[in-house]
Every structure is written in structure tokens, then in C-alpha cells.
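Scroll down for the structure; my scribbles are underneath it.
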Amino acid sequence: KSAYNFVPAIMGMLLMLICAMMTSISIVREKERGTMEVLLVSPVQPFMIILAKAIPYLVLAFVILVVILSMAATVLGVPVAGSLFWIMFISVIYILLALALGLFISNIAQTQLVALLMVLLMPIVMLSGMIFPIESMPVLLQWISTVIPTRYYIDSMRKLMIMGVGVEQVMDDIAILLLMFAAITTFALMKFNKRLA
């Protein structure tokens with residue numbers, strides 16, 4: 001069934017777009033209004049500012065995840081064959097990675113439009129395996145797809161949800177997502193300092 005293929009893919013795409021887009025836009029909006037300077041000179045630590053911006057979208061992402069899983073199982077008849085704990089665990093890593101990516105984009109973008117375009121122009125749909133199998137892509141695109149986090153999330157969700165495999169079968173995907181999360185978060189926090197470019 002096509003729903004078996006598209007539900008994990010839609011989960012990955014929606015979580016990435018919403019988390020990365022909304023986080024980056026909310027921080028860039030503060031830059032545009034000039035209120036970010038006020039926040040940064042306040043006694044509040046920069047990390048707490050980031051946390052306060054990210055938590056609402058973290059909660060929203062969890063709501064979306066639960067809604068999609070519920071609708072998939074009840075409306076579309078998509079089985080959740082694997083462990084729900086590991087599905088949620090990998091989803092948490094992926095959501096945090098998407099939020100970190102949004103923070104990274106906010107460090108680069110100076111306007112909300114630029115932040116929006118940077119998120120929308122990411123080749124998430126084309127190179128994540130959502131529409132086209134990665135194995136059938138040209139070799140160059142296969143290499144480019146290795147830096148797309150959504151590729152690994154969709155792959156792990158298809159294995160856990162549809163195939164019902166054990167977590168040992170998706171450990172490579174988990175390791176790559178954790179590595180990406182650590183790298184993007186470290187780089188984003190290094191750039192997010194008290195000087196607004």
C-alpha cells in the first residue's frame with residue numbers, strides 16, 4: 001500500500017520543516033525587530049533564550065508526531081509493528097536535530113524571508129528517499145543525500161513501523177542522527193553569541 005511508504009516519509013518531512021522553519025523564523029524575527037539585542041544584554045543566559053524559543057516547537061512537534069501515528073494506525077491502517085518506545089526515541093533525536101538546524105539557519109539568515117527560503121530550498125523531499133528510492137538515484141545525488149537527516153529518519157521509521165524489526169537493525173541510522181545532532185548543535189551554539197552580525 002502506498003500509505004505504508006508515505007506515512008513515515010510525511011512524518012520526517014513535516015517534523016523537519018516545522019521545527020527548522022519555525023525555530024529559525026522566530027529567532028530571526030527578534031533580530032529584525034531589534035528585540036534580540038535587548039534579550040542578549042539581559043541577565044538571561046543566551047542558552048536560556050534559545051531554549052525558550054525552541055520548547056514551544058518541541059511540544060508542537062510531539063503533538064504532530066502523535067497525531068500522525070494515531071491517524072496512520074486508525075484511518076490509513078498503517079501498522080505500527082515495531083517498538084513504540086524506539087519509534088519515539090528516534091523521533092526525539094530527529095526533532096532535536098531539526099530544532100538545532102533551525103537555530104543554525106537563524107545564525108546565517110538576516111531576514112525571515114531568507115530563513116524561510118533556506119528551509120524550503122533544502123532538498124528534503126527529493127533526496128530523502130521519500131519519492132524516489134535512493135538506490136535508483138545517480139551516484140552524485142546518492143552522495144549528496146548522505147547529509148540529509150530526513151533520509152535516515154525515514155529509513156528507520158519504515159523499518160520500525162512497517163517491517164517491525166528490532167532496534168539493532170536501525171542502530172546505524174540512530175548513530176548518524178546523533179552525530180549530526182551533536183555537530184549541528186555545537187556549530188550553532190558557537191555562532192550564537194552576543195554579537196549580532
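The values are calculated or read from the model by the stated rules, or taken from the named source; none is laboratory data. Here the structure is a predicted model, which means the values were calculated and not measured. Every residue, glycine as well, gets a Cβ built from its backbone with ideal geometry; the counts of neighbours run over all protein chains shown. The protein model used for the area step is the full one, side chains on, heavy atoms only, and it has no ligands, DNA or RNA in it. Shrake-Rupley method; radii C 1.70, N 1.55, O 1.52, S 1.80 Å.
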For the chain, the longest principal axis of the Cα atoms and the Cα long axis of helix 2-33 enclose an angle in degrees, to the nearest 10, of 0 degrees
What are the residues whose amide H is under 5 Å from the amide H of Val78, where those residues sit 5 or more places off or on another chain and H is modelled from the backbone? Ala73
Spacing of the two label points (7 Å from each Cα toward its C-beta) at Thr186 and Arg29, in nm: 3.2 nm
Using a probe radius of 1.4 Å on heavy atoms only, what accessible surface per residue do you get for the chain? Whole Å² is fine. 51 Å²
Compactness of segment 1-111, expressed as Rg and Dmax over alpha-carbon positions, Å: 16.7, 55
Along the principal axes of its C-alpha atoms, what lengths does segment 98-197 span, in descending order and rounded to whole Å? 48, 27, 22
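May I ask you to give the percent of accessible area on the chain that is carbon plus sulfur, with a probe radius of 1.4 Å? The partial results should precede the final answer.
Values: 7470 of 10140 Å².
The nonpolar share, carbon plus sulfur, comes to 74 percent.
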Of Gly102, Gly34, Gly129, which is the most mobile in a GNM of the chain whose springs link Cα atoms less than 10 angstrom apart? Gly34
Would you calculate the separation in nanometres between label points at Phe47 and Ile134, each defined as 7 Å from the Cα along the Cα-to-beta-carbon direction? 3.2 nm
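For the chain, what is the charge dipole size about the Cα centre, in debye to the nearest 20, if Lys and Arg each add +1 at the Cβ and Asp and Glu each add -1 at the Cβ?
Numbers: 11 positive and 8 negative charges, 87 e Å.
The dipole magnitude comes to about 420 debye.
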Is the C-alpha gyration tensor of segment 36-99 telling us rounded, prolate or oblate? Criteria: a/c under 1.5 is rounded; beyond that, a/b larger than b/c is prolate, otherwise oblate. prolate
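Quick one: if you take sqrt(5λ) for each eigenvalue of the C-alpha gyration tensor of the chain, what semi-axes come out, biggest first, whole angstrom?
Value: 32, 18, 15 Å, ordered largest first.
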In nm, give the distance between the simple-model label positions of Ile55 and Gln110, each being 7 Å from the Cα along the Cα-to-Cβ direction. 3.3 nm
Quick check: the angle from helix 46-74's long axis to the longest principal axis of the chain, C-alpha only, nearest 10 degrees? 20 degrees
Under a 10 Å cutoff between Cα atoms, tell me which one of Leu140, Leu14, Leu103 has the largest fluctuation in the Gaussian network model of the chain. Leu140
Just Ala20, Ala100, Ala73 to compare: in a GNM of the chain, with alpha carbon springs under 10 Å, which one fluctuates most? Ala73
Using alpha-carbon positions, the gyration tensor of segment 63-141 gives root eigenvalues a ≥ b ≥ c; with a/c under 1.5 called rounded, otherwise prolate if a/b exceeds b/c, else oblate, the class is oblate
